[in-house]
Amino acid sequence: MRIMAVDYGESRTGISVCDPTEFMASPVGIIKEKNTLKAIDKVCEKAAELKAELIVVGHPYNMNGTRGERAEKCEFVASEIEKKTGLKTILWDERATTVTALNMLSDSGTYGKKRKEVLDAVARTVILENYLAWRKNHPGEIEKRQNA
């Protein structure tokens, strides 16, 4: 199944996608849009272009597990994407993905001016990789979670 991940941000929304075998996740671009509704429309266009069958939206819980303003905004974004595309859209806990991405970049020796853009690409790919790993390890729970 081709799954698209969305890392929504106030001015930049990152998109990643996996191959149909769900083996590899790759960053595919950034949508630069500050208007939330326009960003949602562009995400929906990207989903159609990539032939996505399922969409995963990063859900930025606070580290203590509470939902803040950003989490609520991402819930709205996910809901609108699902309405507009007709595709099942899942919120996925993205806590610590940036830390994981930072560690990966440090381990690979990636520093300098472009680190932020690379960091965003790695972080959104980590969100999708985490979801894919969960799917692989919880095959009987996929439908339950998707229908929740």
What list of ³J(HN,Hα) couplings, whole Hz, do you get for the range 42-55 from phi and the Karplus terms 6.51, -1.76, 1.60, once you set θ to phi - 60° and write x for glycine and proline?
5, 5, 4, 4, 5, 4, 5, 4, 7, 6, 5, 10, 8, 10
So which GluC sites (Glu not before Pro) in the range 48-85 end up in coil per DSSP with only 15 or fewer other C-beta atoms within 10 Å?
53
Cα radius of gyration and Dmax for the range 1-69 (Å)
12.8, 37
Roughly how many Å is it from the Cα centre of the range 51-99 to that of the range 10-44, as a whole number?
12
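Every read-out reported here was derived from the displayed coordinates using simple, explicitly stated rules and does not represent laboratory data. It should be emphasised that the depicted structure is a prediction, and the values quoted were computed from it without experimental measurement. Positions of Cβ are backbone-derived with ideal geometry, glycine not excepted, and every protein chain shown enters the neighbour counts.
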